[in-house]
Amino acid sequence: MVADIAQPIERRVGVRYESVSRMFSAHAGIIDATAEAAPGECLAFMGASGCGKTTLMRVAAALEVPDSGRVVFVRGGSEVPREQVEIGVCFQEPRLLPWRNALRNVALPLELRGVPRAHARERAQEALERVGLSSWGRALPGRLSGGMRMRVGLARALVNRPSVLLLDEPCSALDIVTRVEIEDHIARLQTDLGITVILVTHAIEEAAFLADRVCILSGAPASIAETLEIGHKSRSSNERDSGSFTATLTLLMQSMHDAARRGSG
Amino acid sequence: MKRLVDRVWPAALVIAAIVLAWDAAVRLFEIPAYLAPSPWAVVEVIAERRESLVAACWSTACTSAAGLVIACVAGVCAGAVIASNTLLYRGVYPIASFLQTVPLIAVAPLLVIWLGYGAPPTTAAAALVAVFPVLANTIDGLRGVDPAWKEVFALYHASRWQRWRKLEIPAALPHIVTGVRIATGLSVIGSIVGEFVSGYAGDRAPIGMVVMSAMRESRTDIVFAAIALSSLVGLALFACVSFVGGWLLRGWHPSGTA
């Protein structure tokens, strides 16, 4: 099952932010953000609430137009138009349509593209299996727990077999057990499918576990104060118990504090 | 069954209390029958004239239901068109709001002039009075779709038609169902007002005409019987609409059936 959705190395897509600015007022917005996620990597944006992390994700999804700069998608060293890149987005809140059951919610992106209904539902079922909800396809969102709804949202982001996955605080509203479960799911997706992930989060553990590179935002308007490279031995659940993981947490925490101090100073 | 009984008994108790209080008041104050008959006199007259009263109810129910269907189709279609364009919304919606304040009783004679006597003008009167809540709620529902859902559709490059069919109409459905529920009671009122002006006497006379002829004969018991039965017509239509609405919203909206 993994083989048919795994991205071959040459099909993988990288994401590059080139001096992206998007201002909402004199002190709110994001200014001159430059960052890069190589194909198959996870790039995380961290910072205080309201600093503009989500705006960076929305710019990549073309839901927001930057005032200046651009987001470039790169395949095999050359730029590819955004329309040619399959992008999956998992919003902070799952945004499921309450009148559609889980399966039909997941199948929605394919239906909108005109994929025949039976085929779309088959693929939606596969995506639900991938997030561990294979037997919940007929349940309406209202009958699912918060964590399950989040996973349905993740399955919907995956159903079109994206090269780039944009995750906006995917675990912010979840309890610790469900949070770890979903983080493990995302890590497996990265390892198995080679998807490039842009992660927006304010959870240090999440960034330490999933990201290859963390950009810390600070200031008003926000800019990238620091970029940290995270070395992963493996992306398994056991990594959380390792000493290097604890060291990464400490490093991120310290950098966040420094950024906050610089921002307020 | 137990659930149904649990739901019905409080209302049944209130109705029984009102009937008993009404009967007691008629007896205690010796109110003459032409002013207020006792509830038992009303029951008696219903039993006596059941054939003509059932026919009257049926006639009124048919025109009310037809008017309601026309109002639903016209309200949803016009609402969808108006909601789709801001300029149209700004141009047409205030006029529609103004028109709904024109009293139906003043318009009913016009309907007779245009459509003649009998069912066509009463159906038109029912549709006319019922269309606004459907129209207004459709517009509110379509214009109030959660922007977060719209973004999901924008993200996957949904066409205008796909957005309308798969997002806006289902999202607006709870509003539309509420509009239709309000319109149901109004359609019966519209139908009876239409009958006052355009109805016809005889065996198949609708409720509005039964009320008018009973009033002329000072048969208050028949007027009361007609009022009670017209309420039953409204209640039956409302139950049908609530059933369909509850079925459409079942499982995902609080007003849907569990």
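The values are calculated or read from the model by the stated rules, or taken from the named source; none is laboratory data. Since we're looking at a predicted model, the values are computed, not measured. Neighbour counts are summed over all protein chains in view; Cβ atoms, including those assigned to glycine, are modelled from backbone coordinates with ideal geometry.
Residues of the range B:76-96 being touching a residue at least 24 places away in the same chain (Cβ under 8 Å), out of contact with any Ser or Thr (no Cβ under 6 Å at 6 or more places or on another chain) and under 16 Å from B:P133 (Cα atoms), which ones?
So in the range B:76-96, the residues touching a residue at least 24 places away in the same chain (Cβ under 8 Å) come out as B:76, B:78-80, B:82-84, B:89, B:93, B:96.
Cutting the leftovers down to out of contact with any Ser or Thr (no Cβ under 6 Å at 6 or more places or on another chain) gives us B:78, B:80, B:82-84, B:89, B:93, B:96.
Residues satisfying the conditions are B:A78, B:A80, B:I82, B:A83, B:Y89, B:Y93, B:A96.
From the list A:E79, A:E18, A:E36, A:E83, which one is part of a strand (DSSP E or B), surrounded by fewer than 15 Cβ atoms within 10 Å (Cβ to Cβ) and charged (D, E, K, R)? Walk me through it before giving the result.
Values: A:E18 fails: surrounded by fewer than 15 Cβ atoms within 10 Å (Cβ to Cβ); A:E36 fails: surrounded by fewer than 15 Cβ atoms within 10 Å (Cβ to Cβ); A:E83 fails: part of a strand (DSSP E or B).
Just a single option satisfies the conditions, and that option is A:E79.
For residues that are free of Cβ contacts under 8 Å to residues at least 24 places away in the same chain and among the β-branched types (V, I, T), scanning just the range B:58-75, find the one that is nearest to B:A108 (Cα to Cα).
Start the filter on the range B:58-75 by keeping residues that are free of Cβ contacts under 8 Å to residues at least 24 places away in the same chain, which leaves B:58, B:69, B:73.
From what's left, among the β-branched types (V, I, T): B:69, B:73.
Numbers: B:V69: 19, B:V73: 21 Å.
Across the range B:58-75, the extreme among qualifying residues is B:V69.
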First in the range B:146-160 and facing chain A (nearest Cβ under 7 Å), second anywhere and assigned to a loop (DSSP other than H, G, I, E, B) and surrounded by fewer than 19 Cβ atoms within 10 Å (Cβ to Cβ), Cβ under 6 Å, 6 or more apart
B:E151/A:L63
Considering only residues that are within 14 Å of A:R161 (Cα to Cα) and out of contact with any Gly (no Cβ under 6 Å at 6 or more places or on another chain), look in the range A:82-103 and name the one that is nearest to the other protein chains (Cβ to nearest Cβ).
A:V89
Qualifying position, being modelled with pLDDT of 85 or more and surrounded by fewer than 23 Cβ atoms within 10 Å (Cβ to Cβ), among A:L158, A:L167, A:L144, A:L174:
A:L144
The conditions are (1) within 14 Å of chain A (Cβ to nearest Cβ); (2) over 30 Å from B:L173 (Cβ atoms); (3) among the basic types (K, R), and B:R219 fails exactly one of them. Which is it?
(1)
What are the pairs, 6+ residues apart or on separate chains, where a residue within the range B:216-238 that is at positive phi and surrounded by fewer than 16 Cβ atoms within 10 Å (Cβ to Cβ) has its Cβ under 6 Å from a residue that is modelled with pLDDT under 95 and outside any helix (DSSP H, G or I)?
B:S218/B:Y34
Just to be sure, is B:G199 more than 14 Å from chain A (Cβ to nearest Cβ) and out of contact with any Cys (no Cβ under 8 Å at 6 or more places or on another chain)?
yes
What are the pairs with Cβ atoms under 9 angstrom where one residue, in the range A:56-79, is away from chain B (no Cβ under 14 Å) and the other, located anywhere, is crowded, with 17+ Cβ neighbours inside 10 Å and part of a helix (DSSP H, G or I)? Sequence gap at least six, or different chains.
A:P66/A:T55; A:P66/A:V59; A:G69/A:V59; A:R70/A:V59; A:V71/A:L56; A:V71/A:V59; A:V71/A:A60; A:F73/A:A60
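Scanning for something within 14 Å of chain B (Cβ to nearest Cβ), in contact (Cβ under 8 Å) with a residue 24 or more places away in the chain and over 25 Å from A:M256 (Cβ atoms), does the range A:39-53 turn up at least one residue?
Of the range A:39-53, the ones within 14 Å of chain B (Cβ to nearest Cβ) are none.
No, the range A:39-53 contains no residue that is within 14 Å of chain B (Cβ to nearest Cβ), in contact (Cβ under 8 Å) with a residue 24 or more places away in the chain and over 25 Å from A:M256 (Cβ atoms).
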Name every residue in the range A:104-135 that is over 15 Å from A:N160 (Cβ atoms) and away from chain B (no Cβ under 14 Å), in order of residue number.
A:A118, A:E129, A:G132, A:L133, A:S134, A:S135
Are any of the residues in the range B:104-122 closer than 30 Å to B:E168 by Cβ, touching a residue at least 40 places away in the same chain (Cβ under 8 Å) and of a type in the set (S, T, N, Q)?
no
Hey, can you tell me all the residues within the range B:1-59 that are assigned to a helix (DSSP H, G or I) and of a type in the set (S, T, N, Q)?
B:S52, B:S59
When (1) out of contact with any His (no Cβ under 9 Å at 6 or more places or on another chain); (2) in a helix (DSSP H, G or I) are applied to A:L110, the one that fails is (1)
Extreme residue, nearest to A:N105 (Cα to Cα), among residues of the range B:161-173 that are in contact with a helix residue (DSSP H, G or I) (Cβ under 7 Å, 6 or more places away or on another chain) and within 10 Å of another protein chain (Cβ to nearest Cβ)
B:L167
